[in-house]
There are 2 protein chains.
Amino acid sequence: MLEAKLAEAAILKRLLDAIKELVADANFECNEEGIHLQAMDNSHVALVSVKLDESGFKSYRCDRPMPLGVNLNSLTKVLKCAKDDDLCILKATDDADILSLTYEARNSDRIAEYDMKLMDIDSDKLGIPDTDYDARVTMPSVEFGRIVRDLSQLGESVRIEVSKEGVRFFTEGEAANGNILLKQTEAVGKVTTNGSASGSQKKKAKKEDGEDNDDDDDVQEVEKDGDEEDEDEDGDKKKVKKEKKKKVKKEGEDVEMDDDEDAEFKADEEEGEEEVDDEEESSSKKRKRAPAKDTKKKSKKAKKSDDDDELPEGIRIEMNQHVNLTFSLKYLVNFAKSSSLSNIVQLMLSNDVPLLVSYEFGQGHIRYYLAPKIGDE
Amino acid sequence: MLEAKLAEAAILKRLLDAIKELVADANFECNEEGIHLQAMDNSHVALVSVKLDESGFKSYRCDRPMPLGVNLNSLTKVLKCAKDDDLCILKATDDADILSLTYEARNSDRIAEYDMKLMDIDSDKLGIPDTDYDARVTMPSVEFGRIVRDLSQLGESVRIEVSKEGVRFFTEGEAANGNILLKQTEAVGKVTTNGSASGSQKKKAKKEDGEDNDDDDDVQEVEKDGDEEDEDEDGDKKKVKKEKKKKVKKEGEDVEMDDDEDAEFKADEEEGEEEVDDEEESSSKKRKRAPAKDTKKKSKKAKKSDDDDELPEGIRIEMNQHVNLTFSLKYLVNFAKSSSLSNIVQLMLSNDVPLLVSYEFGQGHIRYYLAPKIGDE
DNA sequence: CTCTGAGTAC
DNA sequence: GTACTCAGAG
C-alpha cells in the first residue's frame, strides 16, 4: 500500500494545474523512491515527466511498486477541495482501484477525505535517453512564460537560437514578426547570485547580463552597476541592494539539478542550491509581475527542505555549440504553467533533438520534452 | 408612511447580493417592528426570510403596515449607487408605489436620492412552523461556504449527518466521493464563551462546548468552562454579563431568532446578542482564520454598532438526536452568499423537515429553508 | 490605501 | 471562457 503525507496540498494543486491541460489520464507510478508520472500529451507530441521524491514528503511509505491510473481532471477537482496549507495524505491499497486523499486543516478541526476511482491505463512509458545538450538556458520561469505568451499572440511557432550572442526567440506572424534576445546576465561583481557557473562551465557560455527586470533578487551587499549599454543595468542594481542578509549560494554547486543531465552543465546547478540563511525572510516577497525578476526565493531551495528558494533572477546561458530549433508555441505556453512551481526554468537544447524544459522544486521536478518542428511545417 | 434610516448602505447591498439570484421580486413588509421579506425562490424549492429589526435602524418610523413590492434586480442597481458607508434612508408614502432611497455621505457633502417604482406582488406568505430542531451546527460562515462550494464540484447533493462524532458532509460524484468531518472545537480552558444554551433547551441537547472559538464572546469576567457535556447553562450566563451598556437584547431573548424556532435552541441565541461595551472598537477586527481560538474578543459588538462580529471561530455542535438529511448543493451554495452578512452561520436540522440555514447580523437576520431530498432523487 | 487573488456573472 | 466585482493581504 501507499501512504504518502505531503506537508502542503498546494504542491499537488500546482502540479495538476501545470499538466491537466496537456494530459487527460496518467499513471502515477509509486515505488519506494517516490512518485513518478510520465505521459505523452493528448496529441502525442510532447512528453511530461514529473517526479516527487520520497524525501519531499513528510512521511512516505510504499510497500511495493504500484501504478495508480488517474484521471487528471477528476484529481484536479478533488484537489480544489483542499486548502493550500492543508496537510495532504495520499493513500491507496494494494489493489489500487481507489486513491484516497485526506486533507487535514492545520488545526485539525476539519478533516476531509475524498475517494477517487482509479483506472487502468496502459502506460507506454518510453525511456528518455540521456542527452548531452548543446545548450542550456536558465532563466526566471515567469520570464519564459511571458516570452512564449507574447510570441504566441503573433505566430504559431518560435525559433529558438542560442549563439554566442545569447538566446533569441523568433516568431513570424501575419500581423507582425517578433524576436526577443536574452543576453546572459552580467555577473555581478560579487555577490551576484546567479553569477556564473562555477568552474565547471565548460564551453564558452557567455553571461552578460541583460535583463532589466526589476528584480528583487537577493543579491547581497555587493553592488553592481550595470549600465552598460542598454538594458539591464538597473535590473541588477536593485537586486544588489536587497539582499542584506542572505548569505547566498555560492558553494552549493552540484547539488541541484543534476539528475538527468550530467556533466555537461552540471556546474551551474548550484544556483538552485543556494540556501538562504535562516533569517532570510527578508525582502524576498515580491515576485509578482516584474518581468524578469522575481525574487521570490522560493523555488528550489534545496530539494529537501520544504521550501526553497533559488536565485530569483538573471539569465544564464551555457552552450557548447550553436543551436537553432523551431517549436510549437502552443506547447511552450502550456509548459510555462509550471511557473508556479519554481522561479527558475531551464531550457536544454541540441539540434534535432527534443527540447527539454525543466522546473525543479523542493519536492521534485517537472520536465517537458518537445520535438522540434522540421522544415517549415 | 415609512421612513427608515440605516447607518450603512452596505447592509442592504449585501442583503441584496445574497438573495437576488434566488428571488426576482418580493414584498418588503414594513410595519412598526421593522421590515420583513419572505419569498420562495424562483423555482419554489427554497424559502428565504429576511428580517431587519426596527431596532437595527438609526431611526425608524412606519405608521401602518405596508407591503412594498420590489423588483430585486432594480433595487440591486439602485443600491450599487450607494457607497458602503453611506447613510441610507428608505422612504415610502402610504400609497406605496414608490420607494425612495437617499444616500448621504458620511460628511454629508453628497446626498443622492433614487426613486424606484414599486409593483404589486401577491405574497403567498406561508407560515413557517416553529420547529424544535434536533441538531444545530454553528460554524464560521466562510467555512460553510467553502464546504458546499467544494462539494458542489463533485456532486449534486450533499448528505449532512450530525452525530456524536461531529457533523459530516458527504457527497457522491462521478469522479470521486468526498466527505468532510467537522468536529466541535475543543473548548478552551475557560473563558470559553459559547457555553451552552441556556435553560430552554429542552431536548437532550448536548452541548459540549467545544468551540474553541475565540470567542470573543462577550463573556465577561466570568469564566465558564463549558465542558460539561451537555447542557447549557452557560448560555445564559454569558449574556447576562455582557450587557453593559446596551440596552439590547438581553431581554430580548426572544428577539433573536426566535421567530421560527423556539424553545429548542433559543437560549443560544444570545450569542448574537452580546454587546460589547462602548469602547469596543477594540480589536475586533480579526476574526479571520484562526482555527479556533484566538482571543480576540471583539466580536459582536452589538447589533447596533456597525459591525458585529461574532465569535470568529470554532464550530459548535448541539444535538438531541442523530440526523441524516440530503440536500441540493446548488441551493446551499446560493445560501452561502450570505457570508458577507455574518461571520457565523447556524444550520438547524431535524430529520424529514426542511433545513434552516440562518445568518444573524446586527440589524436582523437572513434565513433560508430548504426541504431535504427524499430517497435517491 | 493599493495590489492580488478568488468567486460570480455574462 | 472571459470579464467584472468583492474580499483579503501587504
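The values are calculated or read from the model by the stated rules, or taken from the named source; none is laboratory data. Bear in mind the structure is a predicted one, so any value in this text is a computation, not a measurement. As a convention, Cβ positions derive from the backbone with ideal geometry for all residues, glycine included, and neighbour counts pool all protein chains shown. Quick note on the areas: whole protein, heavy atoms, side chains included, nothing else; ligands and nucleic acids left out. Shrake-Rupley method; radii C 1.70, N 1.55, O 1.52, S 1.80 Å.
Exactly one condition in (1) away from DNA strand C (no atom under 16 Å from the Cβ); (2) of a type in the set (S, T, N, Q); (3) without any contact (Cβ under 8 Å) to a residue 40 or more places away in the chain is not met by B:N107; state its number.
(1)
Select from the stretch B:303-336 the residues that are open to solvent by 20 Å² or more (accessible area, probe 1.4 Å) and charged (D, E, K, R) and write down the one among them that is modelled with the highest pLDDT.
B:K330
Given the residues A:A105, A:A24, A:A82, A:A9, which is the only one that is closer than 17 Å to A:D122 by Cβ, within 13 Å of chain B (Cβ to nearest Cβ) and at pLDDT below 95?
That would be A:A24, the only listed residue that is closer than 17 Å to A:D122 by Cβ, within 13 Å of chain B (Cβ to nearest Cβ) and at pLDDT below 95.
Going through the stretch B:12-34 one residue at a time, which ones are open to solvent by less than 10 Å² (accessible area, probe 1.4 Å) and away from DNA strand C (no atom under 16 Å from the Cβ)?
Hits for the stretch B:12-34 are B:L12, B:A26, B:C30, B:G34.
Pull up the stretch A:337-377, narrow it to residues that are open to solvent by less than 20 Å² (accessible area, probe 1.4 Å) and of a type in the set (D, E, K, R), then point me to the one that is nearest to A:G173 (Cα to Cα).
By that ranking, first place goes to A:R367.
Return only the number of the condition from (1) within 16 Å of DNA strand C (Cβ to nearest atom); (2) charged (D, E, K, R); (3) assigned to a loop (DSSP other than H, G, I, E, B) that A:K77 does not satisfy.
A:K77 satisfies all of (1) within 16 Å of DNA strand C (Cβ to nearest atom); (2) charged (D, E, K, R); (3) assigned to a loop (DSSP other than H, G, I, E, B) except (3).
Looking at B:V142, B:V148, B:V137, can you tell me which residue is within 16 Å of DNA strand D (Cβ to nearest atom), touching a helix residue (DSSP H, G or I) at 6+ places or on another chain (Cβ under 9 Å) and within 19 Å of B:L329 (Cα to Cα)?
After applying the criteria, what remains is B:V142.
Right, A:V50: more than 14 Å from chain B (Cβ to nearest Cβ) and not small (G, A, S) or not?
yes
Select from the stretch A:108-127 the residues that are within 14 Å of chain B (Cβ to nearest Cβ) and part of a loop (DSSP other than H, G, I, E, B) and write down the one among them that is most open to solvent (accessible area, probe 1.4 Å).
Filtering the stretch A:108-127 for residues that are within 14 Å of chain B (Cβ to nearest Cβ) and part of a loop (DSSP other than H, G, I, E, B), the one most open to solvent (accessible area, probe 1.4 Å) comes out as A:M119.
With respect to A:D94, is the statement that it is more than 10 Å from every other protein chain (Cβ to nearest Cβ), out of contact with any helix residue (DSSP H, G or I) (no Cβ under 6 Å at 6 or more places or on another chain) and not aromatic (F, W, Y) true?
Judged against the criteria, A:D94 is a match.
What pairs can you find where one residue is in the stretch B:332-352 and within 11 Å of DNA strand C (Cβ to nearest atom), the other is charged (D, E, K, R) and part of a helix (DSSP H, G or I), and their Cβ atoms are less than 6 Å apart, with a gap of 6+ or different chains?
B:V333/B:R149; B:S340/B:R14
Are any of the residues in the stretch B:63-76 within 16 Å of DNA strand D (Cβ to nearest atom) and either open to solvent by 40 Å² or more (accessible area, probe 1.4 Å) or acidic (D, E) (or both)?
Yes, the stretch B:63-76 contains at least one residue that is within 16 Å of DNA strand D (Cβ to nearest atom) and either open to solvent by 40 Å² or more (accessible area, probe 1.4 Å) or acidic (D, E) (or both).
State whether one or more residues within the stretch B:128-143 are within 14 Å of another protein chain (Cβ to nearest Cβ), in a helix (DSSP H, G or I) and either open to solvent by 10 Å² or more (accessible area, probe 1.4 Å) or in contact with a Ser or Thr (Cβ under 6 Å, 6 or more places away or on another chain) (or both).
yes
Within the stretch B:110-153, restricting attention to residues that are small (G, A, S) and under 18 Å from the mean Cα position of the chain (by Cα), which residue is nearest to DNA strand C (Cβ to nearest atom)?
So, considering only residues that are small (G, A, S) and under 18 Å from the mean Cα position of the chain (by Cα), the one nearest to DNA strand C (Cβ to nearest atom) is B:G145.
Could you say which residue among A:L37, A:L22, A:L52 is in a loop (DSSP other than H, G, I, E, B) and touching a strand residue (DSSP E or B) at 6+ places or on another chain (Cβ under 7 Å)?
On inspection, the qualifying residue turns out to be A:L22.
Which of (1) within 14 Å of chain A (Cβ to nearest Cβ); (2) open to solvent by 10 Å² or more (accessible area, probe 1.4 Å); (3) closer than 16 Å to B:P372 by Cβ does B:R146 not meet, given it meets every other one?
Against the list (1) within 14 Å of chain A (Cβ to nearest Cβ); (2) open to solvent by 10 Å² or more (accessible area, probe 1.4 Å); (3) closer than 16 Å to B:P372 by Cβ, B:R146 comes up short only on (3).
In the stretch B:149-160, what count of residues is obtained for those that are β-branched (V, I, T) and within 13 Å of chain A (Cβ to nearest Cβ)?
Summing the residues that are β-branched (V, I, T) and within 13 Å of chain A (Cβ to nearest Cβ) in the stretch B:149-160 gives 1.
Within the stretch B:1-19, take every residue that is assigned to a loop (DSSP other than H, G, I, E, B) and closer than 12 Å to B:I89 by Cα and give me the one that is farthest from DNA strand D (Cβ to nearest atom).
Only one residue tops the list, namely B:A7.
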